[in-house]
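Asker: Here's a structure for you.
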Ligand code: NA7
């Protein structure tokens, strides 16, 4: 339905748009944004979702064994007590179906579906410079306009499959893990290949290995440091205890660097002997979950600590694998633990002790091509009935770059991000007025328990929109200078860490021809949240707010950014 100036609560609108806001995606981010902007601010909001249901990443990643690596009581919305209280927690770590059901429950509870157009992919978004609004095109041949465009497209939603020769020749069953069919897939008596040993590959491998395949071959390029999950059903007592403390737990999670409610126990392992380190890590290994990573405060920054923790996990891997040659291949030696997203396992390593499970090291024997009946490596042909590509994602920027986004002055996102993502606060971009990116590049996002920064972003965007309405502004856009300062601050935070010492999707190295820059904010969820709140408190420092498109980009020199540290601001000035 067309919103007129009178109908719209965005009172400064001087043109007709179909909606006040369009929200792309109906996962954790999109659902909350739709609810918040519609029910809190009173905007007319249209959600657009490619899938035929809500859920986002939890809709698509329905592969066998798919499970969350965050505990159920923190992998959830915190904004509604009612939603939390009405939802039963089944397991310590929710399976994919449990997270998906929770999001379906939320969508129903908040009556969100009526404003979401499912089965529709956004293909392009163009900023109409004359009227100062966004025009969004879809694969259903529609064009919908709105004053605000909010992306909730997620950091892991654009699957990546290597461009293997002959990939379409394979005559058996093949799929990427994030495009798993809804029908049950049987593995019994099948010869199955899994390519990739990241978090997804590990979950699939341990599931397929137990499903009586004739043979399971794991194609591994880089071994990972997987740590135990130790999932279990929650009994009534445990659930009651969690319930009694959940507010506090969530409050804590929202105020740590990781978005998890865990404190580090020791500053560093630098001066410790390996025996001392083992004593500290062993109970955490037994406990399971990401608490393991909080033993030492400087794990992400100090090579000595990182090496000791890595060595502990290497030993643990060896203990689980009978065959020494296979263990050698499964033990990572080329990077430190935690420098890429650490996977969790249930019984991954012990699967390699089974007769029917084998490991193919593709660094020794690379994949040459996919054939009609299997995989040709440099040394031989492997026959398969099924090939599963657990080869990851064009992470962080992939989903947004897939949309043909054009901002002011004909600038496209593709051009803007040609050398890697640029943003202000990971939330907005110079040249792209009124576009907000929930957990966008250069925000903490995938470095954390993602529902936490999602809530921070949605609430920040909601407040910004309310502020604009109250102050009579129609457009918001960060200045070039603010964006540059944020880029420098981001690099400085990343440079303090070990993240850049290894290839990972954080750096875009997993996708050929992608710019290799660290794409996430490494300074921590808590510090990041303080910064964005401070920006808002200071009247949206670093942003231009105006009621007229003609005024955008013309405000000349903008004041120094007091919210970022001195050094960052100084280097921006001198770079200019
Ligand atoms: P990841 O963590 O990016 O893992 C992808 C895996 O696929 C990884 O082992 C890659 O090896 C492997 N890969 C990619 N390309 C190839 C080729 N060409 N040949 C062989 N192996 C290849 O993605 P996941 O889906 O496992 O996890 C993504 C997120 O989902 C995770 O972080 C959680 O948040 C849930 P590589 O390490 O690049 O050598």
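The values are calculated or read from the model by the stated rules, or taken from the named source; none is laboratory data. Note that the coordinates shown come from a computational prediction; the quantities given were computed from them, not determined experimentally. With ideal geometry, Cβ positions are generated from the backbone for all residues, glycine too; neighbour counts draw on all protein chains shown.
Asker: Are any residues in the stretch 398-422 buried (at least 24 other Cβ atoms within 10 Å of the Cβ) and assigned to a loop (DSSP other than H, G, I, E, B), and if so, which ones?
Answerer: 421 - this is the single residue of the stretch 398-422 that is buried (at least 24 other Cβ atoms within 10 Å of the Cβ) and assigned to a loop (DSSP other than H, G, I, E, B).
Asker: Here is a further query. Would you be able to say whether some residue in the stretch 100-123 is under 23 Å from residue 185 (Cα atoms) and free of Cβ contacts under 8 Å to residues at least 40 places away in the same chain? It would help to see each step written out before you state the result.
Answerer: Within the stretch 100-123, the first condition is being under 23 Å from residue 185 (Cα atoms), and the residues that meet it are 100-101.
Then drop every residue that is not free of Cβ contacts under 8 Å to residues at least 40 places away in the same chain, which leaves 101.
Yes - at least one qualifying residue is present in the stretch 100-123.
Asker: Quick one: in the stretch 476-506, of everything that is surrounded by 23 or more Cβ atoms within 10 Å (Cβ to Cβ) and in contact with a helix residue (DSSP H, G or I) (Cβ under 7 Å, 6 or more places away or on another chain), which residue is nearest to residue 543 (Cα to Cα)?
Answerer: Among those that are surrounded by 23 or more Cβ atoms within 10 Å (Cβ to Cβ) and in contact with a helix residue (DSSP H, G or I) (Cβ under 7 Å, 6 or more places away or on another chain), it is 485.
Asker: Now for a different question. Do we find that residue 163 is within 9 Å of the ligand (Cβ to nearest atom) and either assigned to a loop (DSSP other than H, G, I, E, B) or surrounded by 20 or more Cβ atoms within 10 Å (Cβ to Cβ) (or both) in this structure?
Answerer: yes
Asker: Report, by residue number, each residue of the stretch 175-219 that is under 30 Å from residue 310 (Cα atoms), in contact with a helix residue (DSSP H, G or I) (Cβ under 7 Å, 6 or more places away or on another chain) and within 16 Å of the ligand (Cβ to nearest atom).
Answerer: Listed by number, the residues that qualify are 177, 178, 194, 200, 202, 204, 205, 206, 216, 218.
Asker: Does residue 352 qualify as being buried (at least 21 other Cβ atoms within 10 Å of the Cβ) and within 15 Å of the ligand (Cβ to nearest atom)? Explain how you work it out, then say what you get.
Answerer: On the way: buried (at least 21 other Cβ atoms within 10 Å of the Cβ): yes; within 15 Å of the ligand (Cβ to nearest atom): no.
Spelling it out, it is not the case that residue 352 is buried (at least 21 other Cβ atoms within 10 Å of the Cβ) and within 15 Å of the ligand (Cβ to nearest atom).
Asker: Quick one: in the stretch 334-349, of everything that is within 14 Å of the ligand (Cβ to nearest atom) and surrounded by fewer than 19 Cβ atoms within 10 Å (Cβ to Cβ), which residue is farthest from the chain's Cα centre (by Cα)?
Answerer: 334
Asker: Return the pair list, or none, for Cβ contacts closer than 8 Å from residues in the stretch 196-209 that are closer than 13 Å to residue 220 by Cα to residues that are more than 11 Å from the ligand (Cβ to nearest atom) and assigned to a helix (DSSP H, G or I), at least 6 apart or on different chains.
Answerer: Note: pairs meeting the criteria are 202/348; 205/348; 205/351.
Asker: Still on this structure: Would it be correct to say that residue 319 is exposed (fewer than 14 other Cβ atoms within 10 Å of the Cβ), out of contact with any helix residue (DSSP H, G or I) (no Cβ under 9 Å at 6 or more places or on another chain) and more than 25 Å from residue 449 (Cα to Cα)? Full working, then the answer.
Answerer: Numbers: exposed (fewer than 14 other Cβ atoms within 10 Å of the Cβ): yes; out of contact with any helix residue (DSSP H, G or I) (no Cβ under 9 Å at 6 or more places or on another chain): no; more than 25 Å from residue 449 (Cα to Cα): yes.
Judged against the criteria, residue 319 is not a match.
Asker: Follow-up question, since we're still on this one. Could you name every one of the helices (runs of 4 or more DSSP H) located completely within the stretch 273-391 that has at least 2 residues being touching a strand residue (DSSP E or B) at 6+ places or on another chain (Cβ under 6 Å)? Outline the logic, then answer.
Answerer: Numbers: elements: 274-287, 303-320, 324-330, 348-351.
In the stretch 273-391, the matching helices (runs of 4 or more DSSP H) lie at 324-330.
Asker: Just one of 545, 498, 475, 552 is modelled with pLDDT under 95 and either within 26 Å of the chain's Cα centre (by Cα) or on the phi < 0 side of the Ramachandran plot (or both); which is it?
Answerer: Details: 545 fails: modelled with pLDDT under 95; 498 fails: modelled with pLDDT under 95; 475 fails: modelled with pLDDT under 95.
Going through 545, 498, 475, 552 in turn, just one is modelled with pLDDT under 95 and either within 26 Å of the chain's Cα centre (by Cα) or on the phi < 0 side of the Ramachandran plot (or both): 552.
Asker: Output the residues belonging to the stretch 263-292 that are touching a helix residue (DSSP H, G or I) at 6+ places or on another chain (Cβ under 8 Å) and closer than 19 Å to residue 94 by Cα.
Answerer: Pass one, the stretch 263-292, residues touching a helix residue (DSSP H, G or I) at 6+ places or on another chain (Cβ under 8 Å): 263-266, 268-270, 272, 274, 277-278, 281, 284-285, 291-292.
Hits for the stretch 263-292 are 291, 292.
Asker: Residue 461 - would you say it is closer than 26 Å to residue 137 by Cα, part of a helix (DSSP H, G or I) and within 16 Å of the ligand (Cβ to nearest atom)? Steps first, please.
Answerer: Values: closer than 26 Å to residue 137 by Cα: yes; part of a helix (DSSP H, G or I): yes; within 16 Å of the ligand (Cβ to nearest atom): no.
The answer is no for residue 461.
Asker: Another question, then. If you scan the stretch 230-256, which residues turn out to be surrounded by 15 or more Cβ atoms within 10 Å (Cβ to Cβ) and either in a helix (DSSP H, G or I) or out of contact with any helix residue (DSSP H, G or I) (no Cβ under 8 Å at 6 or more places or on another chain) (or both)?
Answerer: 231, 239, 242, 246, 249, 250, 252, 253 - these are the residues of the stretch 230-256 that are surrounded by 15 or more Cβ atoms within 10 Å (Cβ to Cβ) and either in a helix (DSSP H, G or I) or out of contact with any helix residue (DSSP H, G or I) (no Cβ under 8 Å at 6 or more places or on another chain) (or both).
Asker: Of all residues in the stretch 102-147, which are over 26 Å from the mean Cα position of the chain (by Cα) and surrounded by fewer than 19 Cβ atoms within 10 Å (Cβ to Cβ)?
Answerer: Within the stretch 102-147, 114, 128, 129, 130, 131, 140, 141, 142, 143 qualify.
Asker: What are the pairs with Cβ atoms under 7 angstrom where one residue, in the stretch 232-250, is modelled with pLDDT under 95 and the other, located anywhere, is part of a helix (DSSP H, G or I)? Sequence gap at least six, or different chains.
Answerer: 246/84
Asker: For residue 62, state whether it is over 23 Å from residue 246 (Cβ atoms), out of contact with any strand residue (DSSP E or B) (no Cβ under 8 Å at 6 or more places or on another chain) and part of a loop (DSSP other than H, G, I, E, B). Break it down into steps so the answer makes sense when it comes.
Answerer: Working: over 23 Å from residue 246 (Cβ atoms): yes; out of contact with any strand residue (DSSP E or B) (no Cβ under 8 Å at 6 or more places or on another chain): yes; part of a loop (DSSP other than H, G, I, E, B): yes.
Yes: the conditions hold for residue 62.
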